[in-house]
Amino acid sequence: MEKLVIKGGTRLEGNVVIGGAKNAAVALLPATLLVDGICTISNLPYISDVKISCKILEELGAKVTWNGKNEVTIDARNISSSQAPIDMTSKFRASYYLIGALLGRCHHAIVGLPGGCNLGARPIDQHIKGFEALGATVEICEGKINAHAKDLIGTSIYLDKVSVGATINVMLASVLAKGTTIIENVAKEPHVVDVANFLNSMGADIRGAGTDLIKINGVERLNGNTTYSVVPDQIEAGTFMLAAAATKGNILIKNCIPEHLDCLTAKLIEMGVNVETFNDSIRVYTDKRPNKANITTMPYPGYPTDLQPQIGVALSLADGTSIINEGIWESRFQYTAELNKMGAHIIDQGRSAIFQGITDLYGAPVAATDLRAGAALIIAGIVAHGETSITNIYHIDRGYENIEDKFRSLGANIQRVIEEDIF
Ligand code: EPZ
């Protein structure tokens, strides 16, 4: 078993370079199944969700060539199967994008029900509603989703809930459909726009990504021979911004898109933290305890749920009492029990939590309950007095490349340790 061991009490200082966005990469890779040619994806984060996505593409018959750690060339012209290996698809959430991509490409998909972080119920009814509206029949049986269609015909689809996954999945299923598809009440996250930009760069006709309505004029084929660079990871950048705030540090976060983080920037300024934005970088610095603040997580451009645990660490150390309302997931405060083991005073009320600010955290053995919770516990361990050990770090490896190296380069004392299992 691997764990992270952190000797805390460090003020983080220095520069960090942000990689490509995990939540874009895990959609772009299945999207290559729609391309009738060879395409190269660069600025890919080298994380376990990306590695497994590439293995699945290979299992489907695509030729996948790694050009170093952060770039891959994919030739999906001769795929031989529309059935994704269940043991692999059940390992992560974004495997659901294989349904839209295979349905669009082969008019048939069999994919295992997706796994991923346990954040409470994670229905996919809106994905299915979209596929069915396009003319597909979708059945769920024995842990698998079986979707098939004679023809996919463009239509109007109104999503009942703003969903990143449903927006991207229906987009994937409709780029090669006959006629025009209009999807309303869509998600506007940077990774939604990135998938549309990738598909358009291959010859798709998608308009409106980044607004509430996306219009897709179906095309006959998507051409390859293009290199596409994954958008910088907004959430990784935000994680380091919050690490600077919580550790009273000074970090220059490079290779990010500051506009994607406007909401966090505004919140940090409200908390008394200094933020300077440049073309493609952000500096965050402070030498004071943050002020209290209230937060409600929302779809983009609102405050992202994927930065909720990380700001929870800063607010647990704030001057005063703060409230976070979780507007997306029903169970995203599991990390607060771990932070309380480190001396925080947080009352978990289900969809909201009350953070009574304290001045110091203390090292303790804790477990990552999900990906972003794991990132939050690293920040807490760096601030805390004494030693923190974090188990279940496979969650963290699903979404952050070289996280301990990046924190170490900012001054953190953090080591990955392999421990023999007792049982
Ligand atoms: C994506 O999940 C991200 N994952 C999540 O990031 C992120 O938390 C989430 O979007 C919200 O931003 C990936 O991109 C792979 P949703 P997704 O569909 O697409 C409800 C991380 O840490 N809903 O936007 O699964 C749902 O229950 C992860 O990187 C339905 O009701 O999220 C939730 O309340 C965790 N029916 C809300 O919509 C549906 O069919 C938003 O979910 C779909 C969703």
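Just so it is clear, none of the values below were taken in a lab; they were calculated from the coordinates. Keep in mind that what you see is a predicted model, and the values were worked out from it rather than measured. Note that each Cβ is placed from the backbone with ideal geometry, even for glycine, and that neighbours are counted across all protein chains shown.
Cα gyration tensor of the range 261-304, axes a ≥ b ≥ c as square roots of the eigenvalues: rounded (a/c below 1.5), prolate (a/b > b/c) or oblate?
Values: a/c = 3.45, a/b = 1.11, b/c = 3.11.
Because a/c hits 1.5 or more and a/b fails to exceed b/c, the range 261-304 counts as oblate.
Find, to one decimal place in angstroms, the Kirkwood hydrodynamic radius of the chain, where the mean of 1/r is taken over every pair of different Cα atoms and then inverted.
21.8 Å
Report the full-extension gain for the segment Lys51 to Asn413: residue separation times 0.36 nm, less the Cα-Cα distance, to one decimal in nm.
127.5 nm
What length, rounded to one decimal in nm, is gained on full extension from Asn225 through to Ser90, with 0.36 nm per residue of separation minus their alpha-carbon distance?
45.5 nm
What does the net charge come to around Ile269 if you take all other residues with beta carbon closer than 12 Å to its beta carbon, with K and R at +1 and D and E at -1? Walk me through the numbers on the way to the answer.
Values: positive: Lys267; negative: Asp262, Glu270, Glu276.
Taking every Cβ under 12 Å from that of Ile269, the sum is -2.
Write down Rg/Rh for the range 22-229, rounded to two decimals, with Rg from the C-alpha atoms and Rh from the Kirkwood relation over Cα pairs.
0.92
Amide H to amide H under 5 Å from Gly363: which residues, 5+ apart in sequence or cross-chain, H placed 1.01 Å off N in plane?
Amide H neighbours of Gly363, under 5 Å, 5+ apart: His385, Gly386, Glu387.
Around Ser281, which amide H atoms from residues at least 5 apart in sequence, or from another chain, sit under 5 Å from its own amide H, with H modelled in the peptide plane?
The list, which skips near neighbours in sequence, is Cys256.
For Tyr400, what is the net charge nearby, where nearby means another residue's Cβ is under 11 Å from its Cβ and Lys, Arg count +1, Asp, Glu -1?
With Lys, Arg at +1 and Asp, Glu at -1, the net is -3.
Rounded to the nearest Å, what's the spacing between the alpha carbon centres of the range 23-87 and the range 233-278? Just the number, please.
Each part's Cα centre sits 31 Å from the other's.
In whole Hz and in residue order, list the ³J(HN,Hα) couplings for the range 344-358 that follow from phi through the Karplus curve 6.51 cos²θ - 1.76 cosθ + 1.60, θ = phi - 60°; x for Gly and Pro.
Karplus values, whole Hz, x for Gly and Pro: 5, 10, 10, 10, 8, 10, x, 8, 9, 9, 9, 10, 8, x, 10.
Pop out the ³J(HN,Hα) list for the range 275-287 in order, Karplus 6.51 cos²θ - 1.76 cosθ + 1.60 with θ = phi - 60°, rounded to Hz; leave Gly and Pro as x.
Going residue by residue, I get 10, 10, 10, 10, 4, 9, 8, 9, 9, 10, 8, 6, 10 Hz, with x marking Gly and Pro.
If the chain between Glu259 and Asn279 were fully stretched, how many nm would it gain, using 0.36 nm times the residue separation less the Cα-Cα distance?
6.3 nm
So, in Å, what gap is there between the alpha-carbon centers of the range 162-195 and the range 373-413?
34 Å
When the dipole is taken about the Cα centre of the chain, and only Lys, Arg (+1) and Asp, Glu (-1) are charged at their Cβ, what size is it in debye, to the nearest 20?
220 debye
Quote the FRET efficiency, to the nearest 0.05, computed for Ala266 versus Asp287 with a Förster distance R0 of 25 Å and r equal to the Cβ-Cβ distance.
The computed FRET efficiency comes out at 0.75.
What aspartates and glutamates sit close enough to Lys406 to cross-link, taking a C-alpha to C-alpha distance under 15 Å and skipping anything fewer than 8 places away on the same chain?
Hits, sequence-local ones excluded: Glu13, Asp233, Glu236, Asp397.
Report ³J(HN,Hα) in whole Hz for each residue of the range 145-151, in order, from the Karplus equation J = 6.51 cos²θ - 1.76 cosθ + 1.60 where θ = phi - 60°; Gly and Pro get x.
Values per residue, Gly and Pro as x: 9, 10, 10, 8, 8, 6, 9 Hz.
Measure up Lys55/Lys129; Lys3/Lys341; Lys129/Lys161; Lys7/Lys288; Lys7/Lys341 against 19 Å on the Cα-Cα distance and list the ones that go over.
The answer is Lys55/Lys129; Lys7/Lys288.
Could you please report the charge total around Val35, scoring K, R as +1 and D, E as -1 over all other residues with beta-carbon less than 14 angstrom from its beta-carbon?
Taking every Cβ under 14 Å from that of Val35, the sum is +1.
Going toward the positive end of the dipole of the range 22-229, with +1 on Lys and Arg Cβ and -1 on Asp and Glu Cβ, which of Thr137, Ile206, Leu44 do you reach last?
In the range 22-229, that residue is Leu44.
What is the packing order of peptides 96-104, 336-344, taking the mean over residues of other C-beta atoms within 10 Å and listing the highest first? Mind showing how you got there, number by number?
Numbers: 96-104: 28.3, 336-344: 21.0.
Per-residue Cβ counts within 10 Å, averaged per peptide and sorted highest first, yield 96-104, 336-344.
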